[in-house]
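Beneath this line is the structure, given in structure tokens, with notes to follow.
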Amino acid sequence: MQRLGLIAVGNYAHYIPCLNKRAFGITEERYFLSLQSKTSVLVYRFQFLPWFFYFRLIVSCLTKANGEWTVLEDNGLCLYKNVACFAYKEHIVALAVNNSSIQLQIFQPTNVLVLKEVALNVRDTVEGLFQEHLENFHKKIDMYIVGYQCRNQEVFHEHDDCFVEEKAIYKKGKIRCPRHGMVNHHVLSESDLLVYWKRDVIAEISDFNDLMDQDECTRLSEPELKKMNFKSFEKLTKIGRDALQLYFDRIFPPVDLVTTLNSNKDNLQRGQYKMNQDQCTLLFPADNSIPTSSTFDVTIMYKLLRNFGQNLLPPTNGWGKKPEIGQKLPKDDVERIRIYRNEVEHKTQTTNVMEKDDFDLKWRDLSQAILRLSNGSLKQDIMSLRRLR
């Protein structure tokens, strides 16, 4: 069985996938459905798929997979008869087999952003193992199609009526779902389905005018519209703070953050990078609890990124300077969030208005910065704002 790739031999125990009768139950389903940060479901649809091909894939994930995958544990190994769950770089990788497909989905259990590089690496690993096992195999098994679930996004279920080929979506922007053209009609977004799985696909938001509430606009006077513009933009800067936190957590994971703060404590409390008393209270809690970025404001995160972010090149125009519209490095977006937040904070009660042209320009600039820093995970937050002009 080892020669056939159907058993994973360990130091203290062996695993034989074909003998595993453990069901993936409703409790497990509910847990995965509760996670907000996840990719779309990547589907490999086969013309002919014997389950032992899936068993060999799982064995390879256990014994190969760059040596970086470990089986997820929760009162035992999270290995089931048709689903296998792995831990990889603080993410959960779920692989499931069904009648005609192998499905892949990645989750971030702490609900921070799923890292695109993680998803791309996982896809490369899985497809590399596919090719390894397909060599010298039955000619029909190498005939698989790559696609996605168009709606459900449940890795543990095969939704045959929701399978859409990748080539039907890739480079198409937004299209009518080719599987649901009448009663169940809906629109597919390339960025929603492919953003984590294709390197050249980035998250986008709908066209600005599509999100305007024109009926509301006609009921407001010009001064009222200007005030509404300001209020909407103020809310957008708060989403900008959330995007900055997602980026901050990638640069300073919790363990690294504590190490950085403790090694620079004197500098932060009294020295070159001195924070005020309120900021120091958040960085060094009196009860010796672990500081968390969820309590940090834009200023704290900006200062730590600027002064202690290892191997971070400065923004295109340098730290403290406003980026141009076409400058889209992550550090440029960090500066945008700081600068626009400051503009809103420094407005007085008599000047909390925004002209239409100013609002349009700044909204586009900041919203795209948020999408880039968050890899699109805050798209719905942006779209939920009532944007008036």
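Since every read-out is calculated from the coordinates, none of them should be taken as a lab result. From a predicted model like this one, the values you see are computed outputs, not experimental measurements. Methodologically, a virtual Cβ is constructed for each residue, glycine included, from the backbone with ideal geometry; neighbour enumeration extends over all protein chains shown.
Relative contact order for segment 28-176 using alpha-carbon pairs under 8 Å, separation at least 6, rounded to a whole percent?
31 percent
If you count the DSSP beta bridges with both ends in the chain, what percent of them are antiparallel, to the nearest 5? Around 95 percent of the beta bridges assigned by DSSP in the chain are antiparallel ones.
For segment 8-169, the orientation-averaged shadow of the C-alpha convex hull comes to 9.8 nm² (one quarter of the hull surface). The eigenvalues of the Cα gyration tensor, multiplied by 5 and square-rooted, give segment 309-389 an equivalent ellipsoid with semi-axes of 23, 17, 11 Å from largest to smallest.
Using the number of other C-beta atoms within 10 angstrom as an exposure proxy, rank 145, 92 with the fewest first. Placing the least packed residue first, the sequence is 145, 92.
Working from label points 7 Å from Cα in the Cα-to-Cβ sense, the residue 23 to residue 143 distance is 3.5 nm. GNM remark for the chain: springs join alpha carbons under 10 Å apart, and the peak mean-square fluctuation among 297, 360, 256 falls on 256. In this simple spin-label model, placing a label point 7 Å from the Cα along the Cα-to-Cβ direction at both residue 361 and residue 222 gives a separation of 1.9 nm.
Would you mind getting me the FRET efficiency between residue 342 and residue 312? Use the beta-carbon distance for r and R0 = 22 Å, nearest 0.05.
0.60
Estimated from helical segments only, the mean residue ellipticity of the chain at 222 nm is -12500 deg cm²/dmol, where each DSSP H run of four or more residues counts as -39500 (n - 2.57). Length available on full extension from residue 269 to residue 151: 0.36 nm per residue minus the Cα-Cα distance, which gives 37.4 nm. Over the chain, one equal point on each Cα, no solvent: what is log10 I(q)/I(0) by the Debye formula at q = 0.06, 0.09, 0.11 Å⁻¹? Values returned for q = 0.06, 0.09, 0.11 Å⁻¹ are -0.31, -0.67, -0.93. Taking every alpha-carbon pair under 8 Å whose residues sit at least 6 apart, segment 208-383 reaches a relative contact order of 36 percent.
Put a dot 7 Å past the Cα of residue 322, heading toward its Cβ, do the same for residue 200, and the two dots end up 3.4 nm apart.
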